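Undergrad: Here it is, the structure in full.
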Amino acid sequence: MLRAASLLSSVALLAAVAVTTAAPAGADRPAPAAVASAKRVPVGTLLRLDGIDKLRLGMTRNAGYATGQLRTTAETCLDGKRPLPITYGSDGPKAAPAARYTAYFRGGRNGRLTHVTAFGGVVTELGIRPGVSTGQQLVARYKRAGYTVRSEWVANLNATVIHVLRGRRQVLDGLVSARLGRRRTPLTAVAIPRYFLCPSR
């Protein structure tokens, strides 16, 4: 009897110790702030179908420059017979540090933003990132979302250009420096509404 009572007493003592030393509920879970912080980690500046950051297709050159996202200028197409597009790099004082893209304004000094070509540090609304995502991923995601997707080999670019259409309207291009196939090559660039090419003479 005494031995049984002693054994029961020992069990009760161990249970009491376990209760007093147990970790508080939720102690093995990350703090809510840490979870929220992890969800806020950016994967890149959003490249929309109508622009990027504060830039929107169709805005004037002065309005685009006033956003503070653009700085360097260069004339892309060497053809004095036509109004040349004025291009800006994404190195303005208010530009996202990692975003690398070129903005094209056509129509001379009073031109409007007609094209944006991004090379890195951006992400499309379907999660495609130039330099990271492959051409196959772009094709699969946009087809799944209901877009029409076509591709063609462009010899003078030595690349495959993937065209994304909403209905009959061209909205986005992806550029891959390889032919689409089993080899999964990262996208060189993603452009809206299409990859800019100098007009042929």
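The values are calculated or read from the model by the stated rules, or taken from the named source; none is laboratory data. Here the structure is a predicted model, which means the values were calculated and not measured. Every residue, glycine as well, gets a Cβ built from its backbone with ideal geometry; the counts of neighbours run over all protein chains shown.
Undergrad: Out of everything in the range 168-186 that is touching a Phe, Trp or Tyr at 6+ places or on another chain (Cβ under 9 Å) and at pLDDT 95 or above, what residue ends up being farthest from residue 131 (Cα to Cα)?
TA: 171
Undergrad: State all residues of the range 151-201 that are basic (Lys, Arg), farther than 21 Å from residue 103 by Cα and in a strand (DSSP E or B); if no residue qualifies, say none.
TA: Of everything in the range 151-201, just one residue is basic (Lys, Arg), farther than 21 Å from residue 103 by Cα and in a strand (DSSP E or B), namely 166.
Undergrad: Among the listed residues 148, 102, 134, which satisfies the condition of being of a type in the set (S, T, N, Q), within 17 Å of residue 194 (Cα to Cα) and within 15 Å of the chain's Cα centre (by Cα)?
TA: Result: 102 is the single residue among 148, 102, 134 that is of a type in the set (S, T, N, Q), within 17 Å of residue 194 (Cα to Cα) and within 15 Å of the chain's Cα centre (by Cα).
Undergrad: Search the range 72-96 for residues being modelled with pLDDT of 90 or more and outside any strand (DSSP E or B), and hand back the single one that is surrounded by the most Cβ atoms within 10 Å (Cβ to Cβ).
TA: 90
Undergrad: All but one of (1) of a type in the set (D, E, K, R); (2) more than 26 Å from residue 69 (Cα to Cα); (3) surrounded by 16 or more Cβ atoms within 10 Å (Cβ to Cβ) hold for residue 194, so report the exception by its number.
TA: (2)
Undergrad: Can you find a residue that is outside any loop (DSSP other than H, G, I, E, B) and closer than 30 Å to residue 62 by Cα anywhere in the range 128-144?
TA: no
Undergrad: Next up: Does the range 42-64 hold any residues that are crowded, with 18+ Cβ neighbours inside 10 Å, hydrophobic (A, V, I, L, M, F, W, C) and closer than 11 Å to residue 124 by Cβ, and which are they?
TA: Hits for the range 42-64 are 47, 52.
Undergrad: Output yes when any residue across the range 108-119 is over 16 Å from residue 51 (Cβ atoms), part of a strand (DSSP E or B) and without any contact (Cβ under 8 Å) to a residue 40 or more places away in the chain, and no when none is.
TA: No, every residue in the range 108-119 fails to be over 16 Å from residue 51 (Cβ atoms), part of a strand (DSSP E or B) and without any contact (Cβ under 8 Å) to a residue 40 or more places away in the chain.
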